[in-house]
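What follows is a set of notes on a single structure, which appears directly below.
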Amino acid sequence: QVQLVVPIAVVFGPGSVPGDLPRPLPFRDVQEMEISVNVRTRVTSRYEMLYRSPTGQEEAALAAATAREADAALHPLQDTTLGSLTMYVVPETSSLLPQGISVYVGKHRSALVRAGGSLAALQARLREVTQVMSFTASSITAALSDRVPDGQLSPDARRYLKSSLGYEITFSLLNPDPKSHTVDWDIEGAVNRYVKPVLDKLSLVANFSVDSQILYYAILGVTPRYDKESSSFLLSAHSLPHVINPVEARLGSSAASLYPVLNFLLYVPERSHSPLYIQDKDGAPVSTNAFHSPRWGGIMVYNVEAPASPQASLPLHVDVDMARVMEVFLAQLRLLFGLSREEVPPEFLLEGPGNEGLADWELDHLLWAHTVENIATVSTTLTSLAQLLDKIGNIVIKDDVASEVYRAVASVQSAVTELSLGHLHAAFQASKEAVTSSERAFFDPSLLHLLYFPDDQKFAIYIPLFLPMAVPILLSLAKIVRETRQHKKEPTKMD
């Protein structure tokens, strides 16, 4: 049973203190919520709130002209511990937040919240903000999707990538018609400029490797439909699943990979199928002209403008606009990691993450989910290992395998303890160590069940070998016994 503790500092700005506070500031309060995954698995979320007055520096920062400026000024004054949050309460009449906005969530681990009049109304609003910035019941359920009964899981939960110690990202340019198009893309510059800041931030979650390739004569495998009205070719939503398999056979990146591979494909349509547009389920064109596949990656169709004169020489030189392409691929990357911002209430204003690709609290959101998932994974792996060892009575367990099991158990217990203390970073690191140790123990070559035979298999193997030799030996022994008995029965001759 896991308890997730979120330390929260609630700072009342000037003129925002509710009149019905139970006791003078500062004081502490605890709120608990139970997330039920199945009959046996429950996760308790515990919000430990410290209500206090602002320091002089915080008051000066809250006097800024805009919420963005206030957030930037407050950042150096906050607790930057992973998993901790700071809520700054401003008066209802404050001009710091735009009209109609009651909550501003910054790029770091803080939010500006309008006072709700009473303490109960404020606490309800704070609970909403806390769940957005840390974890929700749906994000924890998605992390434990293997334990959720069928039919109780949201469709989006299967979209997110499973927790892993590493990920490999492959960017592929598909040019099915090199005779017509010479495509030039500055993938190295684009990765350094757009992807690297995001992966640097995500390096705390897992190890990442990035590679790229150009594939010629790689077709989608689905013939698009020609639309006379728009003089273009269309790919309908129901045909998109059939696009991936023929292309994946050419990618070849996942065959030798130890970690999950994320594929991002840029497809330049051949001249005979250009321009090519993707339609959604309602038949409307998709604005990004791209789609993504859960736990796999995404594909973007990049149309090339037709030459002004029909006599233009082929192949046409195409320079890919990498800013437009990377904007789509990074959005798909966020979707695959479960960092979409679609669930936010309309009165919430979320600051864009900027060049880093994700805010500090979004990183915490990932760490909460991955820590819980790692603990569940270790539990499942060790249970399976124990069942395997129970079934094979004569299996030999080496000392190094035993030490990995002990290390996994100790690490997972440490992760659960750290979570209950509100130490997210330490809990995540312990859960990663537990996963590594449990996987090493489970996949140790000495525990391969084919090395150990049940007794009935031994009889089945050895009887056909030894029975032909045993028959004459047994008959000879029987003959010797019979002759010995006869010899004893014969009377001894006396001279």
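Please go through segment 430-471 and pick out each residue that is open to solvent by 70 Å² or more (accessible area, probe 1.4 Å) and at pLDDT 90 or above.
Glu433, Arg440
Please give the number of the condition Leu389 fails out of (1) open to solvent by 20 Å² or more (accessible area, probe 1.4 Å); (2) under 28 Å from the mean Cα position of the chain (by Cα).
Leu389 satisfies all of (1) open to solvent by 20 Å² or more (accessible area, probe 1.4 Å); (2) under 28 Å from the mean Cα position of the chain (by Cα) except (2).
Name the residues in segment 74-100 that are over 22 Å from Lys201 (Cβ atoms) and open to solvent by less than 70 Å² (accessible area, probe 1.4 Å), would you?
From segment 74-100, those over 22 Å from Lys201 (Cβ atoms) are 87-100; that's our starting set.
Within segment 74-100, Met87, Tyr88, Val89, Val90, Pro91, Ser94, Leu96, Leu97, Pro98, Gly100 qualify.
So which of Val222, Val268 is surrounded by 14 or more Cβ atoms within 10 Å (Cβ to Cβ) and touching a residue at least 40 places away in the same chain (Cβ under 8 Å)? Write out each step before concluding.
On the way: Val222 fails: touching a residue at least 40 places away in the same chain (Cβ under 8 Å).
Result: Val268 is the single residue among Val222, Val268 that is surrounded by 14 or more Cβ atoms within 10 Å (Cβ to Cβ) and touching a residue at least 40 places away in the same chain (Cβ under 8 Å).
Only one residue in Arg23, Arg114 is free of Cβ contacts under 8 Å to residues at least 12 places away in the same chain and over 32 Å from the mean Cα position of the chain (by Cα), so which one is that? Steps first, please.
On the way: Arg114 fails: free of Cβ contacts under 8 Å to residues at least 12 places away in the same chain.
Answer to the selection: Arg23.
Give just the number: which of (1) assigned to a helix (DSSP H, G or I); (2) in contact with a strand residue (DSSP E or B) (Cβ under 6 Å, 6 or more places away or on another chain) does Ala190 not satisfy?
(2)
Filter segment 347-369 down to residues that are open to solvent by 40 Å² or more (accessible area, probe 1.4 Å) and part of a helix (DSSP H, G or I), then give me how many there are. Before the answer, list the steps.
Taking segment 347-369 and keeping what is open to solvent by 40 Å² or more (accessible area, probe 1.4 Å), we get 347, 349, 354-356.
Subset that is part of a helix (DSSP H, G or I): 354-356.
Residues in segment 347-369 being open to solvent by 40 Å² or more (accessible area, probe 1.4 Å) and part of a helix (DSSP H, G or I): 3 in total.
Is it the case that some residue within segment 414-424 is under 33 Å from the mean Cα position of the chain (by Cα), at negative phi, open to solvent by 80 Å² or more (accessible area, probe 1.4 Å) and not assigned by the TED database to the domain that holds Phe135? Please lay out each step first, then the result.
At the first step, the residues of segment 414-424 found to be under 33 Å from the mean Cα position of the chain (by Cα) are 414-424.
Of the ones still in play, those that are also at negative phi are 414-421, 423-424.
If we keep only those that are open to solvent by 80 Å² or more (accessible area, probe 1.4 Å) as well, we get 421, 423.
Narrowing the set further to residues that are not assigned by the TED database to the domain that holds Phe135 leaves 421, 423.
There is at least one residue in segment 414-424 that is under 33 Å from the mean Cα position of the chain (by Cα), at negative phi, open to solvent by 80 Å² or more (accessible area, probe 1.4 Å) and not assigned by the TED database to the domain that holds Phe135.
Per-residue answers, yes or no, for (1) part of a helix (DSSP H, G or I); (2) at pLDDT 85 or above:
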| site | (1), (2) |
| --- | --- |
| Ala60 | yes, yes |
| Val113 | no, yes |
| Ser138 | yes, no |
| Ala142 | yes, no |
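Among the listed residues Tyr277, Tyr302, Tyr267, identify the single one that is in contact with a Leu (Cβ under 6 Å, 6 or more places away or on another chain) and more than 23 Å from Gln213 (Cα to Cα). Quick ask: steps written out before the conclusion?
Details: Tyr302 fails: more than 23 Å from Gln213 (Cα to Cα); Tyr267 fails: more than 23 Å from Gln213 (Cα to Cα).
Among Tyr277, Tyr302, Tyr267, only Tyr277 is in contact with a Leu (Cβ under 6 Å, 6 or more places away or on another chain) and more than 23 Å from Gln213 (Cα to Cα).
Are any residues in segment 233-264 of a type in the set (Ser, Thr, Tyr) and either touching a residue at least 40 places away in the same chain (Cβ under 8 Å) or closer than 17 Å to Gln213 by Cα (or both), and if so, which ones? Can you show your working first?
If we filter segment 233-264 for residues that are of a type in the set (Ser, Thr, Tyr), which is where we start, we get 236, 239, 253-254, 257, 259.
The answer is Ser236, Ser253, Ser254, Ser257, Tyr259.
Which one of these does Tyr194 not meet: (1) open to solvent by less than 50 Å² (accessible area, probe 1.4 Å); (2) under 27 Å from Gly352 (Cβ atoms)?
The failed condition is (1).
Keeping to segment 315-341, report how many residues are polar (S, T, N, Q) and within 16 Å of Phe171 (Cβ to Cβ).
Filtering segment 315-341 for residues polar (S, T, N, Q) gives 332, 340.
Now narrow it down to the ones that are within 16 Å of Phe171 (Cβ to Cβ): 332.
Residues meeting the conditions: 1.
Just to check your reading of the model, which residue among Val286, Val261 is assigned by the TED database to the domain that holds Val325, under 25 Å from Ala323 (Cβ atoms), open to solvent by 30 Å² or more (accessible area, probe 1.4 Å) and among the β-branched types (Val, Ile, Thr)?
Details: Val261 fails: open to solvent by 30 Å² or more (accessible area, probe 1.4 Å).
That would be Val286, the only listed residue that is assigned by the TED database to the domain that holds Val325, under 25 Å from Ala323 (Cβ atoms), open to solvent by 30 Å² or more (accessible area, probe 1.4 Å) and among the β-branched types (Val, Ile, Thr).
Can you tell me which of Leu50, Leu4, Leu82 is in contact with a Leu (Cβ under 6 Å, 6 or more places away or on another chain) and part of a strand (DSSP E or B)? Steps first, please.
Working: Leu50 fails: in contact with a Leu (Cβ under 6 Å, 6 or more places away or on another chain); Leu82 fails: part of a strand (DSSP E or B).
None of the others qualify; the one that does is Leu4.
From the list Leu173, Leu204, which one is within 20 Å of Ser272 (Cβ to Cβ) and of a type in the set (A, V, I, L, M, F, W, C)? Walk me through it before giving the result.
Numbers: Leu204 fails: within 20 Å of Ser272 (Cβ to Cβ).
Every option except Leu173 fails the conditions.
When the residues of segment 144-172 are filtered to those that are at pLDDT 75 or above, farther than 19 Å from Ala434 by Cβ and open to solvent by 10 Å² or more (accessible area, probe 1.4 Å), which remaining residue is nearest to the chain's Cα centre (by Cα)?
Leu161
Output the qualifying pairs, or none if there are none: Cβ atoms under 6 angstrom, residues six or more apart or on different chains, first residue in segment 382-400 and under 20 Å from Ser437 (Cα atoms), second residue of a type in the set (A, V, I, L, M, F, W, C) and modelled with pLDDT of 85 or more.
Leu385/Phe442
The values are calculated or read from the model by the stated rules, or taken from the named source; none is laboratory data. Everything numeric here is computed off the predicted structure, so don't read it as measured data. In this analysis, Cβ positions are derived from the backbone assuming ideal geometry, glycine residues included, and neighbour counts consider all displayed protein chains. Keep in mind that these areas ignore ligands, DNA and RNA; they rest on the heavy atoms of the full protein, side chains included. Shrake-Rupley method; radii C 1.70, N 1.55, O 1.52, S 1.80 Å.
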